[in-house]
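Comments concern the structure below.
Quick note: the coordinates plus some simple rules give every number you see, no bench work behind them. This one's a predicted model, so the numbers in the text were calculated from it and none came from an experiment. A quick note on method: Cβ atoms are made from the backbone with ideal geometry, for glycine too, and the neighbour counts reach across all protein chains shown.
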Amino acid sequence: MADRAERIEVLIVGAGVIGMSIAWRAAQRGLAVTVLERGDAGCGTSRVAAGMLAPVSEAEFGTAARRLLELNRRSAAMWPTFAAELESAADTAVGLLRSGTLLVAGDEDEAAALERERELRESLGLAVVRLRPSQARELEPALAPTVRLALEAPEDHSVDPRLVLAALRRACAQAGVKLREHAGVAGLQLEGSHGVVGVRLESGELVEGERVVLAAGSWTASVNGAVPVRPVKGQIMRLRDPAGPGLLGRVLRFPGGYIVPRGDGRYVLGGTVEERGFELAPTAGGIYELLRDAHEIVPGISEWQIEELEAGLRPGTPDNSPAIGPGDVEGLWWATGHYRSGILLAPLTADVLSGLLSGELKTSDREAQELLRTCDPQRFSSSGGPPGARSMEAVG
């Protein structure tokens, strides 16, 4: 291992919101942390994300979805404190807007589906309010007169991921985290019975670390394929209302997309769900469908100006739940596969994983058990070979 002056206690692969949040919290707990990023820090999927903190809106049918819902709600409740601490540490805002969310139906079929969504949320004890069209337009006058039904989710909010990433970078630097950009990782390095002892960069350089955390998002499989993470493309537009802020105050969700206000006259319109590998180019068809569907709900969107067209790659697992926690190889930890909830789950992922890495939190502690049960990386071992079997090299 390296001498004490250069010792890396935690080596994190990936400088998105998950990797940087873990790095910040781990450094706060006194660990020597280095983050490796294949490109520019914070310029991957996290930068493209809309930033919805929406456990209620994202609730789905099924037992697995219900377990994940509880984690989403816990992490959403952590966001105000997380944001305040981060803003204080970085001396910059993160754009947390606690304005609530409206789920909107534009026709009778969508209204019937939204009623079923309401019944699901009420059965789960989630806070939703059924609104008649007139009530919805009282809250958001820009809604089209054709809107048939709406649900208000007052506890679902949003944050600006770009501001969060900038703040995390500053907070990490102040906490002593070392960041190496343009340091693509080719694989993990093994040393006999010691397990993982570091990573091998694409340049051939060996970077040693006592514990390695894989937080590489959709690119995780290029480092190690034991957890089957796939890219799920999402197209997104960034728009600006030349009249300034005020047309929409809440996040709007509708079949096929969402509109997220930033509070300053800028809006994010997304987001398609496409299984197209690592394709990142926006397409005319995808953008057309987003604009068409959004215009039917908010006709005034046609006056907004287009500032950016982008696509991001959500990291999905076979069950679309994250992989968080230890693998079965000593020294290897996972924090990947967050799919549509990377921004939302950042505080919880960072707190639990940094606590486990520092030894201040035990896997037997109740705080960690629920997350580890739902997000156990080893749940995929029977279908993908033994965890740790791919993309590893033995030392000498």
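Observations, loosely collected:
- On Cα atoms only, tilt of 284-297 relative to the major axis of the chain in degrees: 50 degrees
- The length gained on full extension between Ala77 and Asp91, counted as 0.36 nm times the residue separation minus their Cα-Cα distance, comes to 2.8 nm.
- Remark: spin-label model distance Arg180-Glu279 equals 3.5 nm, labels positioned 7 Å along the Cα→Cβ axis.
- Net length available on complete extension from Asp319 to Leu120 is 69.6 nm, with 0.36 nm assigned per residue and the Cα-Cα distance removed.
- Whether the stretch 152-282 is rounded, prolate or oblate, judged on the alpha carbon gyration tensor where a/c under 1.5 counts as rounded: prolate
- Cut-off 19 Å (backbone N to label point 7 Å along Cα→Cβ of Glu367), residues of the stretch 14-30: 21-30
- On the principal axes of its alpha carbon atoms, the chain extends 70, 41, 38 Å, with the longest extent given first.
- Helix 17-28 axis, angle to the chain major axis (alpha carbon atoms, nearest 10°): 50 degrees
- The label point for Arg240 and the one for Asp328, both projected 7 Å from the Cα toward the Cβ, are 5.4 nm apart.
- Two-decimal ratio, the stretch 1-144, of alpha-carbon radius of gyration to 2.2 N^0.38 Å: 1.41
- The loop-placed GluC sites (Glu not before Pro) in the stretch 197-286, going by DSSP, that have at most 15 neighbouring Cβ atoms within 10 Å of their Cβ come out as Glu202, Glu205, Glu275, Glu279.
- Sorting Trp24, Trp334, Trp304 from the fewest to the most surrounding beta carbons within 10 angstrom yields Trp304, Trp334, Trp24.
- If you run the Gaussian network model on the chain, springs between alpha carbon atoms under 10 Å, then out of Gly300, Gly249, Gly187 the most flexible one is Gly300.
- Cα shape, the stretch 81-139, gyration tensor, a/c 1.5 rule: prolate
- One chain, two ends: Glu303 and Ser203. Fully extended at 0.36 nm per residue, the span grows by 31.1 nm beyond their Cα-Cα distance.
- In the stretch 1-142, Cα pairs under 8 Å separated by at least six residues give a relative contact order of 15 percent.
- Computed FRET value (nearest 0.05) for Glu360 with Thr146, which takes r as the C-beta separation and R₀ as 56 Å: 0.55
- GNM result for the chain, Cα springs below 10 Å: residue of Asp351, Asp107, Asp241 fluctuating most strongly: Asp107
- Percentage relative contact order, the chain, counting C-alpha pairs under 8 Å, at least six apart: 24 percent
- Based on DSSP H segments of at least four residues, each scored -39500 (n - 2.57), the chain has a per-residue ellipticity at 222 nm of -10000 deg cm²/dmol.
- Helix 161-174 vs. the chain, principal-axis angle (Cα, 0 to 90°, nearest 10): 30 degrees
- Virtual paramagnetic centre 7 Å along Cα→Cβ of Glu289, amide N under 15 Å, in the stretch 241-275: 254-258, 270-275
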